[in-house]
Amino acid sequence: MSQTQISSKSEQRIASRWIPKDSSKIEHELGVCYVQDQLNTPRQIPIYTVMGYAGTAGKSSFYESYRTPEARDQRVARFFADLESSAVYKSQRKAERNQPHELKVGEIITNSWGYYQTNVDMYVIVKATRNYVWLQPIAGEHVPSEGCGPMSGYVKPKLPVEQILTREVREYGEWEPGIGNRVVGLKTVPIEPTMHKAEKRSVHFDHGCGSVWEGRALYESWYA
């Protein structure tokens, strides 16, 4: 995507903003506020409103009213201060993410994730660069344990490490009315290493965040 297209989208978002009528603009390099003094209200109570937009967002961050202009000014100052703090945090996190990780080829990575059940995935690092690692799935084994509930237990990587290089997938036949695609067999397909962003001693996944295996069995659960 070109810089022109990006700028155009930013401009479109800004142009789509709703701005209170007869309001004054207070600009900041990270956002903008629109303030309005409503002095002739039905109840004859002055209202001082402020609407804030962060960056190039088309949707406002807030729209609030206050009884005094001083309270509203404090809200504006707090909004801009929060934007500055957020920018500093994002800059620091970006710098941290760009630092080289500390992982090495041959180390075992485990990733525990799930909501209704706890899944444990296990991998070995087969390649590493400054910011990324390539992971190959490895076999695991259940560890006898007492006190676990039904459909739960403990698992650990099988040692010595046993890489999983292939898997079987179903083959389907042609469509049959009332049946659909009938399974006609299985075929073996290769499992290639997958690339993941790495940071310090952890690995980013779509679900969860993996870390170096510490040598202990990990809890998992499943459905029947």
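The values are calculated or read from the model by the stated rules, or taken from the named source; none is laboratory data. Just so it is clear, the model here is predicted, and its values are computed rather than measured. Backbone-built Cβ (ideal geometry, glycine too); neighbour counts: all protein chains shown.
Before we move on, is residue 60 closer than 19 Å to residue 214 by Cβ and surrounded by 13 or more Cβ atoms within 10 Å (Cβ to Cβ)?
Values: closer than 19 Å to residue 214 by Cβ: no; surrounded by 13 or more Cβ atoms within 10 Å (Cβ to Cβ): yes.
The answer is no for residue 60.
Taking the residues in region 16-40 that are of a type in the set (D, E, K, R), assigned to a strand (DSSP E or B) and at pLDDT 95 or above as candidates, determine which candidate is nearest to residue 82 (Cα to Cα).
Result: 27.
So which of 125, 138 is within 21 Å of residue 191 (Cβ to Cβ), touching a Pro at 6+ places or on another chain (Cβ under 8 Å) and either of a type in the set (Val, Ile, Thr) or in the same structural domain as residue 26 (by TED's automatic domain parsing) (or both)? Quick ask: steps written out before the conclusion?
Numbers: 125 fails: touching a Pro at 6+ places or on another chain (Cβ under 8 Å).
Answer to the selection: 138.
Within region 134-176, track down each residue that is polar (S, T, N, Q) and in a loop (DSSP other than H, G, I, E, B).
145 - this is the single residue of region 134-176 that is polar (S, T, N, Q) and in a loop (DSSP other than H, G, I, E, B).
Considering (1) assigned to a strand (DSSP E or B); (2) aromatic (Phe, Trp, Tyr); (3) in contact (Cβ under 8 Å) with a residue 12 or more places away in the chain, say which one residue 223 fails and leave the rest.
With respect to (1) assigned to a strand (DSSP E or B); (2) aromatic (Phe, Trp, Tyr); (3) in contact (Cβ under 8 Å) with a residue 12 or more places away in the chain, residue 223 is out only on (1).
What about residue 64, is it outside the structural domain of residue 131 (by TED's automatic domain parsing), of a type in the set (Asp, Glu) and touching a helix residue (DSSP H, G or I) at 6+ places or on another chain (Cβ under 9 Å)? Don't jump to the end; show me each part of the working.
On the way: outside the structural domain of residue 131 (by TED's automatic domain parsing): yes; of a type in the set (Asp, Glu): yes; touching a helix residue (DSSP H, G or I) at 6+ places or on another chain (Cβ under 9 Å): yes.
In short, yes.
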